[in-house]
Amino acid sequence: MNESSRQRLTAVLAGSMLIIGMGWIMISEVTGTTPTSRFLYTGFALALAITALDAWLHWKGSTRALCRLLSRGTPTLLLIGFISCLLLPLFWIEEVESRTKLMAIGLMTWLCGTNAIRGFRQFRAAWTARGATALAEHYQEAQGTIEWDWAVESLRIESSMYVPLMNRFTMPLVVLAVLGGFMVAPVMVYSYPVAAPLAWTFAISFLIAWFFQLFGSGAAQALTLVHLERTAGRPLAPMYSDEAQRPLRRKRKSKKR
């Protein structure tokens with residue numbers, strides 16, 4: 001294991017432990033209750049599983065492009081876990097009705113699902129339009145190597161917050177509502193112990209949904225890579241086994257007419 005692998009392993013494990021500590025603090029400080037030991041056991045088990053899986057993917061990523069792509073999802077997964085800890089107090093507050101908790105779960109599931117689908121479709125549409133050009137530049141079929149990051153970068157995909165049924169005229173109102181939830185909730189926590197977590201949940205749900213858009217795009221990328229491997233009849237390797245040795249990609253200059 002080289003130095004970069006050890007640093008990554010340490011960072012993933014530390015990030016996982018930070019999520020457990022954040023969840024414990026949010027529950028105990030906001031709700032005044034202490035989580036059970038099952039919370040810690042489950043958290044530690046998930047942290048070790050995520051760390052072990054990321055270590056394996058990172059190790060295999062030097063010889064297989066698909067594993068390198070999947071290892072890219074670990075930081076996003078940790079960020080989602082960290083942000084999700086901010087939602088935990090809502091489900092420990094006894095004053096909040098079960099129906100309200102289910103509505104919060106439904107809102108988050110709806111937003112995350114629609115954003116994941118959007119990210120998936122965005123990549124598929126961009127790949128259909130410009131995928132052949134990306135492969136011509138960054139795929140060496142004879143050698144069985146591909147520089148996937150550069151291929152995806154050449155597609156020029158832009159992700160942004162997405163809310164179904166909203167257009168570019170009403171989205172600024174949604175952004176203001178989200179920012180309002182972040183600012184108002186901490187002030188309301190003592191005066192309105194039930195309304196404050198709901199406002200906080202509303203704001204956090206939109207932030208988590210955006211990360212799921214990245215997951216949807218990543219899923220589409222993984223399926224595309226699997227299809228390329230099946231077409232080639234063998235696993236595809238990165239052009240550079242060590243990412244530290246990979247040169248910077250030169251951006252094309254647009255020709256002036």
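Structure notes:
- Any hit, the stretch 149-162, residues being modelled with pLDDT of 80 or more, surrounded by 14 or more Cβ atoms within 10 Å (Cβ to Cβ) and under 26 Å from S16 (Cα atoms): yes
So that you can scan it fast, the table gives a plain yes or no per residue for (1) surrounded by 20 or more Cβ atoms within 10 Å (Cβ to Cβ); (2) modelled with pLDDT under 80:
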| site | (1), (2) |
| --- | --- |
| L40 | no, yes |
| A49 | no, no |
| A65 | yes, no |
| T74 | yes, no |
| I105 | no, no |
| L111 | yes, no |
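- Evaluation of R121 against (1) surrounded by fewer than 14 Cβ atoms within 10 Å (Cβ to Cβ); (2) over 20 Å from A219 (Cα atoms) (one fails), failing number: (2)
- Scanning the stretch 50-72 for residues that are part of a helix (DSSP H, G or I) and within 15 Å of the chain's Cα centre (by Cα) yields a total of 5.
The values are calculated or read from the model by the stated rules, or taken from the named source; none is laboratory data. Please read all numbers here as calculations on a predicted model, not as lab measurements. For neighbour counting, all protein chains shown are included, and Cβ atoms are generated from backbone atoms with ideal geometry for every residue, glycine included.
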